[in-house]
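S.K.: Attaching a single structure in structure tokens format; questions to follow.
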Amino acid sequence: MSRVLMKGNDAIGAGAIAANCRYYYGYPITPQNEIGEYMSSEMPKAGGVFIQAESEVAAINMVYGTSATGARVMTSSSGPGISLKMEGISYIAAAELPCVIVNIMRGGPGLGNIAPSQSDYFQATKGGGHGDYRLIVLAPSSVQEIYDFTRQAFYLADKYRIPAIILGDGFLGQMMEVVELADSAKDDEYARIPEKPWAITGCKGREKNIVNTLLIEPDTLEKHNWKLKDKYQQIAENEKRADLYRVDDAEILVAAFGISARISKEAVDMARDEGIKVGLIRPITLWPFPDHVFKNLDSVKGILTVEMNTGQMIEDVRLSVEGKIPVEFYGRTGGNLPDSTAIFEEIKRMGGM
Amino acid sequence: MSTVLKKTRSLEDTKLHYCPGCSHGIVHRLVCEVIDEMEMREQTVGIAPVGCSVFLDAYFDFDIIQAAHGRAPAVATGVKRALPENLVFTYQGDGDLASIGMSEMVHAAARGERITIIFINNTNYGMTGGQMAPTTLEQQVTTTTPAGRDTRLAGFPIQVPELLSSLPGAVYLSRVSAHNPKNINKAKKSIRKAFQAQMDGLGFSLVEILSTCPTNWRMNPVQSIQWLEENMMEIYPLGELKSVEGVS
């Protein structure tokens, strides 16, 4: 196990290579350019392939092709580029191919700006492209988690034959922290690539394999849609994750993900120092959303959702509490951070102080 | 008694959904015959487009990936980089390749990807009912150029191999036709050269095949062959547009 000081975007590349991803296709867009730059130098050293694609559209379709061969493959972008990839992501989801897609979110809508944001929550968690599908969405809140979740994303993608998204933001991508790297000599379940008998490799010694998303007969497509739904149900049962902080006796809860959760944690500690019983729920899987941690909160009088958007995850929090607890919102957008003292003031107001 | 003709191994023994007089069936067979002759069936990956040939997986007996509209060259890139020893080709129509997929095609050629594009030019969007394609001829009537293609409003036909010929990554570019036996034989030879250029690691190759579409041209098959000869071959001259040293 070695410890290195690493930038968030570089940690994504390092995590991917540690997970035996050997193909990366991307297109430049701020604030995630370090991922492609890292891959351009590190992939060849690992015996892998880096292509700077002509467009986001091409990059995701290269991912589709490589994923169909059974190899581990990744692309990365930021909001506007992820929008362009959505056609391809829908095809990959429909074809049940595994891959990892990174979105280091920036301000939107439109060209927005290059400052950090969490405004692509809906796009990532509700499908994003056309048709009826879901993606596994992991939300790191530190550079260590970026590294670890990237490795886990490849494992989950292969396990369920589904695209997995790492949903970070410009702060996480750009900041540097100490990261403990995985021991490459150790048997690592995240690095192990399972058998893929469905892969397109040339039909030597077997019947032909087909990767196809056109199911022209209504009954055939309906059957496929319900099969996907069953898979999503299975993922929802097995893979929901959340981090809970000082929630046991809490009367107020803050719900936040990614960098917003990290800032909210500071506000929770400030409020605790004032004697306010407050805790933090940090969803790690944004899909499947960890609704179970929002159940049976008998002592909780209110939930404050904190996001770097105008209110997106709050809808899932509200669905999770099923109207039993009032859910309020505090958000900043445009590249601005929610300030811990401002969150603290919101907590105090909710606590009647 | 010697066998003079046998079933094409790579071609599935099934009914085609194509209209009578359409060239797709002929080109399917040519592609499969070449793959059989090269003994590459078990190392081949075909990429199907969106359009009339979207059902390639039903007709070819080897691994097939169906791609989004126009994206086949990018998908082929992803396959070839992971499987450099395999024969990887896309099979695309004119709308798929030269309109929505122009960018993917040009950049695959620019990178010199070791892939082959089999390009069916029948001057219209067949699957969707005969709309104007980038290859539609001047004054040609389609469902979206009811008064004939007016170049002042709808632009000019695109000559794909000519367009790509300045790119060093493109090593073999040809235009053939599938409208009579002589030209069908030439088409087969050209497909073989294109596949061989790929397997020899030379670079990107593309074979454009002039094809008939009697249904959308509102003609019978015989008339459509005549129309192709009299109209298409002037704008789309046959021959090898580019064949670098080493292509054989």
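The values are calculated or read from the model by the stated rules, or taken from the named source; none is laboratory data. On a predicted model such as this, the values are computed, not experimentally measured, just so you know. Cβ atoms come from the backbone with ideal geometry, glycine included; neighbour counts cover every protein chain shown.
S.K.: For residue A:27, indicate whether it is within 16 Å of residue A:135 (Cα to Cα), within 14 Å of chain B (Cβ to nearest Cβ) and of a type in the set (Ser, Thr, Tyr).
M.R.: no
S.K.: In addition: As an exercise: evaluate residue B:7 against (1) more than 14 Å from chain A (Cβ to nearest Cβ); (2) more than 23 Å from residue B:208 (Cβ to Cβ); (3) at pLDDT 95 or above and give the number of the one condition it does not meet.
M.R.: If we test residue B:7 against (1) more than 14 Å from chain A (Cβ to nearest Cβ); (2) more than 23 Å from residue B:208 (Cβ to Cβ); (3) at pLDDT 95 or above, just (3) comes out false.
S.K.: Across the range B:1-15, what is the number of residues that are surrounded by 10 or more Cβ atoms within 10 Å (Cβ to Cβ) and among the basic types (Lys, Arg)?
M.R.: Result for the range B:1-15: 1.
S.K.: Residue under question is residue B:82, and the condition is that it be within 14 Å of chain A (Cβ to nearest Cβ) and crowded, with 20+ Cβ neighbours inside 10 Å; does it hold?
M.R.: yes
S.K.: On to the next question. Could you check the range A:38-144 for helices (runs of 4 or more DSSP H) lying wholly inside it with 2 or more residues that are free of Cβ contacts under 8 Å to residues at least 60 places away in the same chain?
M.R.: A:56-68, A:79-94
S.K.: Can you find, within the range A:180-198, the residue that is nearest to the other protein chains (Cβ to nearest Cβ) among those that are small (Gly, Ala, Ser) and within 25 Å of the chain's Cα centre (by Cα)?
M.R.: A:191
S.K.: Sticking with this structure for a sec: Would you be able to tell me the number of residues in the range A:91-125 that are crowded, with 21+ Cβ neighbours inside 10 Å and within 12 Å of chain B (Cβ to nearest Cβ)?
M.R.: Within the range A:91-125, residues that are crowded, with 21+ Cβ neighbours inside 10 Å and within 12 Å of chain B (Cβ to nearest Cβ) number 5.
S.K.: When you scan the range B:56-84, how many residues do you find that are assigned to a helix (DSSP H, G or I) and over 15 Å from the mean Cα position of the chain (by Cα)?
M.R.: Selection size over the range B:56-84: 11.
S.K.: Quick check on this structure: which one of B:206, B:167, B:228, B:202 is touching a Phe, Trp or Tyr at 6+ places or on another chain (Cβ under 7 Å) and either buried (at least 21 other Cβ atoms within 10 Å of the Cβ) or in contact (Cβ under 8 Å) with a residue 24 or more places away in the chain (or both)?
M.R.: B:206
S.K.: Among the candidates A:169, A:158, A:120, A:148, which residue alone is closer than 30 Å to residue B:63 by Cα, modelled with pLDDT of 95 or more and either acidic (Asp, Glu) or in contact with a Lys or Arg (Cβ under 9 Å, 6 or more places away or on another chain) (or both)?
M.R.: After applying the criteria, what remains is A:158.
S.K.: I've got another one for you. Kindly establish whether residue A:63 is touching a Phe, Trp or Tyr at 6+ places or on another chain (Cβ under 7 Å) and either at pLDDT 95 or above or under 16 Å from residue A:166 (Cβ atoms) (or both).
M.R.: yes
S.K.: Now for a separate question. Would you confirm, using the coordinates I've provided, whether residue A:9 is assigned to a strand (DSSP E or B), of a type outside the set (Phe, Trp, Tyr), crowded, with 20+ Cβ neighbours inside 10 Å and away from chain B (no Cβ under 11 Å)?
M.R.: Judged against the criteria, residue A:9 is not a match.
S.K.: Now, a different point. Which residue out of A:241, A:192, A:206 is under 27 Å from residue A:153 (Cα atoms) and out of contact with any strand residue (DSSP E or B) (no Cβ under 8 Å at 6 or more places or on another chain)?
M.R.: None of the others qualify; the one that does is A:192.
S.K.: Hey, among the residues in the range B:68-77 that are of a type in the set (Gly, Ala, Ser) and facing chain A (nearest Cβ under 7 Å), which one's nearest to residue A:26 (Cα to Cα)?
M.R.: Only one residue fits best here, namely B:74.
S.K.: Next question, about the same structure. Can residue A:84 be described as closer than 24 Å to residue A:171 by Cα and outside the structural domain of residue A:316 (by TED's automatic domain parsing)?
M.R.: It is true that residue A:84 is closer than 24 Å to residue A:171 by Cα and outside the structural domain of residue A:316 (by TED's automatic domain parsing).
S.K.: Now for a different question. Can you pull out every residue in the range A:145-166 that is aliphatic (A, V, I, L, M) and part of a loop (DSSP other than H, G, I, E, B)?
M.R.: Selection gives A:162 alone.
S.K.: May I pose another question? Restricting to the range A:211-244, count the residues that are within 14 Å of another protein chain (Cβ to nearest Cβ) and assigned to a loop (DSSP other than H, G, I, E, B).
M.R.: Residues in the range A:211-244 being within 14 Å of another protein chain (Cβ to nearest Cβ) and assigned to a loop (DSSP other than H, G, I, E, B): 6 in total.
S.K.: Then there's this: Output the number of residues of the range A:124-155 satisfying the condition of being of a type in the set (Gly, Ala, Ser) and closer than 16 Å to residue A:172 by Cβ.
M.R.: Number satisfying all stated conditions: 5.
For (1) surrounded by 14 or more Cβ atoms within 10 Å (Cβ to Cβ); (2) touching a strand residue (DSSP E or B) at 6+ places or on another chain (Cβ under 6 Å), each residue gets a yes or a no:
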site: A:211; (1), (2): yes, yes
site: A:217; (1), (2): no, no
site: A:225; (1), (2): yes, no
site: A:237; (1), (2): no, no
site: A:245; (1), (2): yes, yes
site: A:251; (1), (2): yes, no
site: A:254; (1), (2): yes, yes
site: A:260; (1), (2): yes, yes
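S.K.: Being over 20 Å from residue B:112 (Cβ atoms) and surrounded by fewer than 22 Cβ atoms within 10 Å (Cβ to Cβ), is that true of even one residue in the range A:46-58?
M.R.: Checking the range A:46-58: at least one residue is over 20 Å from residue B:112 (Cβ atoms) and surrounded by fewer than 22 Cβ atoms within 10 Å (Cβ to Cβ).
S.K.: Which one is nearest to residue B:12 (Cα to Cα), of the residues in the range B:48-59 that are within 8 Å of another protein chain (Cβ to nearest Cβ) and free of Cβ contacts under 8 Å to residues at least 60 places away in the same chain?
M.R.: If we take residues in the range B:48-59 being within 8 Å of another protein chain (Cβ to nearest Cβ) and free of Cβ contacts under 8 Å to residues at least 60 places away in the same chain, then B:57 is nearest to residue B:12 (Cα to Cα).
S.K.: Just one of A:259, A:252, A:343, A:325 is within 22 Å of residue A:165 (Cβ to Cβ) and of a type in the set (Val, Ile, Thr); which is it?
M.R.: A:259
S.K.: Got a sec? Which of A:263, A:281, A:252, A:259 is of a type in the set (Val, Ile, Thr), closer than 19 Å to residue A:340 by Cα and more than 20 Å from the chain's Cα centre (by Cα)?
M.R.: A:252
S.K.: Only residues that are polar (S, T, N, Q), assigned to a loop (DSSP other than H, G, I, E, B) and more than 10 Å from chain A (Cβ to nearest Cβ): list them for the range B:85-130, please.
M.R.: Residues satisfying the conditions are B:122, B:123, B:128.
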